[in-house]
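A.B. asks: Just dropping this structure here.
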Amino acid sequence: METSDSGLPPVQRVVTGHDDNGRATFKSEDVSPTRMIPGGDAAFLLLWTTATVPADNNDETDGRERDAGLTLNQGSVIRIVDMLPGKESPMHRTNSIDYGIVMKGEIELELEDGRKKTIGEGGIIIQRGTNHLWRNTSDKPCRIAFVLIEAPAYLHDGQPLPEHKPD
C-alpha cells in the first residue's frame, strides 16, 4: 500500500448509492494517499465534492472527479489535509462554513488578530468565514478531515468581507 507524502497511512474511501431496484449498494471503494501541495506545507486528498448545496443524491458523478479549488462555489468539498511538522498555511478566508475534525496529532489555529488555540486529536473546529491560518507546532504530521460548504460572505456593517484564498 502506498504511503502518503506526509508519512501517514493512505485513506480508505467507501461510496454508497442505489441499485436498479432502489436498494442501497456499495458503488466504489478505494485507498489513496495524500499528496504534497505546491506550497510544501501540507499533503491533500480530495475525497468528494457536490456541485450544489443542498446536495443532489441523484447525481451519479464521482465527486472526486469535479474540479475543486480550496472550496467549490455553490457546492461542498470534503478533503483530508496532512499538515507537516513545523509548517503553516498562509492566512486565508473563504466564503464557506468549514468543519475540521482533527484525526491525528494536533494543530494550532491562529486568527488575524494573532490569537491562537491548539486543537488536539478528536477536536473539532467550526470555521465561519474568518481570516485564519493553520500551524503544526509539533514534530509529527497532523491529519484533519475538512468539510467545506459554500456560504454567503460574512457581512460586517452591511458589507461582505472579501475572500482571501492562497494561490
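The values are calculated or read from the model by the stated rules, or taken from the named source; none is laboratory data. What you see is a predicted model, and the numbers here were worked out from it, not measured in a lab. All Cβ positions, glycine included, derive from the backbone under ideal geometry; neighbour counts span all protein chains shown. Keep in mind that these areas ignore ligands, DNA and RNA; they rest on the heavy atoms of the full protein, side chains included. Shrake-Rupley method; radii C 1.70, N 1.55, O 1.52, S 1.80 Å.
A.B. asks: Within region 90-119, how many residues turn out to be touching a Gly at 6+ places or on another chain (Cβ under 7 Å) and more than 19 Å from ALA151 (Cα to Cα)?
C.D. replies: Of the residues in that region, 2 qualify.
A.B. asks: Also: Being open to solvent by 60 Å² or more (accessible area, probe 1.4 Å), out of contact with any helix residue (DSSP H, G or I) (no Cβ under 7 Å at 6 or more places or on another chain) and not aliphatic (A, V, I, L, M) is the filter here, so list the residues in region 48-60 that pass it.
C.D. replies: THR52, PRO54, ASP56, ASN57, ASN58, GLU60
A.B. asks: For LEU45, only one of the following conditions fails: (1) without any contact (Cβ under 8 Å) to a residue 60 or more places away in the chain; (2) open to solvent by 20 Å² or more (accessible area, probe 1.4 Å). What is its number?
C.D. replies: Result: LEU45 fails condition (2) only.
A.B. asks: Out of the residues in region 139-153 meeting the condition of being surrounded by fewer than 16 Cβ atoms within 10 Å (Cβ to Cβ) and at pLDDT 95 or above, tell me which one is nearest to ILE78 (Cα to Cα).
C.D. replies: This residue is LYS140.
A.B. asks: Could you please find all residues in region 1-26 being more than 26 Å from ALA43 (Cβ to Cβ) and not aliphatic (A, V, I, L, M)? Spell out the reasoning first.
C.D. replies: First pass over region 1-26, keeping only residues more than 26 Å from ALA43 (Cβ to Cβ): 16-26.
Hits for region 1-26 are THR16, GLY17, HIS18, ASP19, ASP20, ASN21, GLY22, ARG23, THR25, PHE26.
A.B. asks: Based on this model, can you work out whether VAL77 counts as under 22 Å from LYS140 (Cα atoms) and touching a residue at least 12 places away in the same chain (Cβ under 8 Å)? Explain how you work it out, then say what you get.
C.D. replies: Values: under 22 Å from LYS140 (Cα atoms): no; touching a residue at least 12 places away in the same chain (Cβ under 8 Å): yes.
Considered against the rule, which asks whether it is under 22 Å from LYS140 (Cα atoms) and touching a residue at least 12 places away in the same chain (Cβ under 8 Å), VAL77 comes out as no.
A.B. asks: Which of the residues belonging to region 45-67 are within 14 Å of ARG13 (Cα to Cα) and assigned to a strand (DSSP E or B)?
C.D. replies: Scanning region 45-67 gives LEU45, LEU46, LEU47, TRP48, THR49.
A.B. asks: Another question, if that's okay. Restricting to region 98-136, and then to whatever is polar (S, T, N, Q) and either within 12 Å of the chain's Cα centre (by Cα) or under 24 Å from LEU155 (Cβ atoms) (or both), can you tell me which residue is most open to solvent (accessible area, probe 1.4 Å)?
C.D. replies: THR130
A.B. asks: Further, regarding this structure: Please count how many residues of region 1-42 are surrounded by 11 or more Cβ atoms within 10 Å (Cβ to Cβ), assigned to a strand (DSSP E or B) and among the acidic types (Asp, Glu).
C.D. replies: Number of matching residues: 1.
A.B. asks: LEU72 is checked against (1) assigned to a strand (DSSP E or B); (2) open to solvent by 20 Å² or more (accessible area, probe 1.4 Å) and fails just one. What number does that condition carry?
C.D. replies: (1)
A.B. asks: Going by the conditions given, is GLU163 among the charged types (D, E, K, R), buried (at least 16 other Cβ atoms within 10 Å of the Cβ) and touching a residue at least 24 places away in the same chain (Cβ under 8 Å)?
C.D. replies: For GLU163, the condition - among the charged types (D, E, K, R), buried (at least 16 other Cβ atoms within 10 Å of the Cβ) and touching a residue at least 24 places away in the same chain (Cβ under 8 Å) - is not met.
A.B. asks: Another question, then. Is at least one residue of region 127-143 of a type in the set (Val, Ile, Thr) and not in a loop (DSSP other than H, G, I, E, B)? Spell out the reasoning first.
C.D. replies: Step one: filter region 127-143 for residues of a type in the set (Val, Ile, Thr), giving 130, 137.
Going one step further and asking which of them are not in a loop (DSSP other than H, G, I, E, B), we end up with none.
Looking through region 127-143, none of the residues is of a type in the set (Val, Ile, Thr) and not in a loop (DSSP other than H, G, I, E, B).
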